[in-house]
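The values are calculated or read from the model by the stated rules, or taken from the named source; none is laboratory data. Just so it is clear, the model here is predicted, and its values are computed rather than measured. Here the Cβ positions follow ideal geometry from the backbone for every residue, glycine too, while neighbour counts run over all protein chains shown.
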Amino acid sequence: MHIQFAELPVSDQDRAKAFYSDKLACQVIADQPMGGGGWRWVELAFPFAVTNLHFVRRADAAPSADPVLVLIDDDVEARVASLKAKGVEIVTEPQEAPWQPGRIVAEFRDSEGNRMMLASR
């Protein structure tokens, strides 16, 4: 079993699409009208990943208080350095996960203010 796609709450699809394309090297799979009101089905894929992203409309611009996505990376420290160089807000620097000794985790915010977690394998 695998996840077909993960839905992320956003208030600005263009800004979110640019963030994930530019900062995380996602590829645009689809960008087409979806119903009325100018909302679109925007789907992006992480390179070498099975899970795709789809943006869902949220009621307001308030970001999620909890991490909405966990990205697994072989080198969390290097990924954080790369994100910093691209101007991404780092919420927590790489550190050992208190719930799993030996696992390194860090958090950052996307363009919509959502918290994301990076975790080592």
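Observations, loosely collected:
- The condition (being modelled with pLDDT under 90 and either touching a strand residue (DSSP E or B) at 6+ places or on another chain (Cβ under 6 Å) or of a type in the set (Phe, Trp, Tyr) (or both)) is satisfied by just one residue among Leu83, Leu53: Leu53.
One line per residue, one yes/no per condition, for (1) within 16 Å of the chain's Cα centre (by Cα); (2) part of a strand (DSSP E or B):
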| site | (1), (2) |
| --- | --- |
| Val56 | yes, yes |
| Pro63 | yes, no |
| Ala78 | no, no |
| Glu96 | no, yes |
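- Residue among Arg103, Arg57 that alone is charged (D, E, K, R) and closer than 16 Å to Ser11 by Cα: Arg57
- Subset of the stretch 32-54 that is part of a loop (DSSP other than H, G, I, E, B) and over 17 Å from the mean Cα position of the chain (by Cα) - its residue that is surrounded by the most Cβ atoms within 10 Å (Cβ to Cβ): Met34
- Residue count, the stretch 74-110 (criterion: among the acidic types (Asp, Glu), within 14 Å of Phe19 (Cα to Cα) and touching a helix residue (DSSP H, G or I) at 6+ places or on another chain (Cβ under 8 Å)): 1
- For the stretch 100-121, filtered to residues that are without any contact (Cβ under 8 Å) to a residue 40 or more places away in the chain and aliphatic (A, V, I, L, M), the residue that is surrounded by the most Cβ atoms within 10 Å (Cβ to Cβ) is Ala106.
- Residues of the stretch 71-80 satisfying the condition of being surrounded by fewer than 13 Cβ atoms within 10 Å (Cβ to Cβ) and in contact with a strand residue (DSSP E or B) (Cβ under 8 Å, 6 or more places away or on another chain): Ile72
- Neighbours by Cβ (under 9 Å, 6+ apart or cross-chain): first from the stretch 58-74, touching a residue at least 12 places away in the same chain (Cβ under 8 Å); second surrounded by fewer than 10 Cβ atoms within 10 Å (Cβ to Cβ) and not aliphatic (A, V, I, L, M): Ile72/Arg121; Asp73/Arg121; Asp74/Arg121
- Test for Gly36: is it small (Gly, Ala, Ser) and either touching a Phe, Trp or Tyr at 6+ places or on another chain (Cβ under 7 Å) or closer than 21 Å to Pro9 by Cβ (or both): yes
- Residue match in the stretch 16-25 (condition: in contact with a helix residue (DSSP H, G or I) (Cβ under 7 Å, 6 or more places away or on another chain) and either at pLDDT 75 or above or not in a loop (DSSP other than H, G, I, E, B) (or both)): yes
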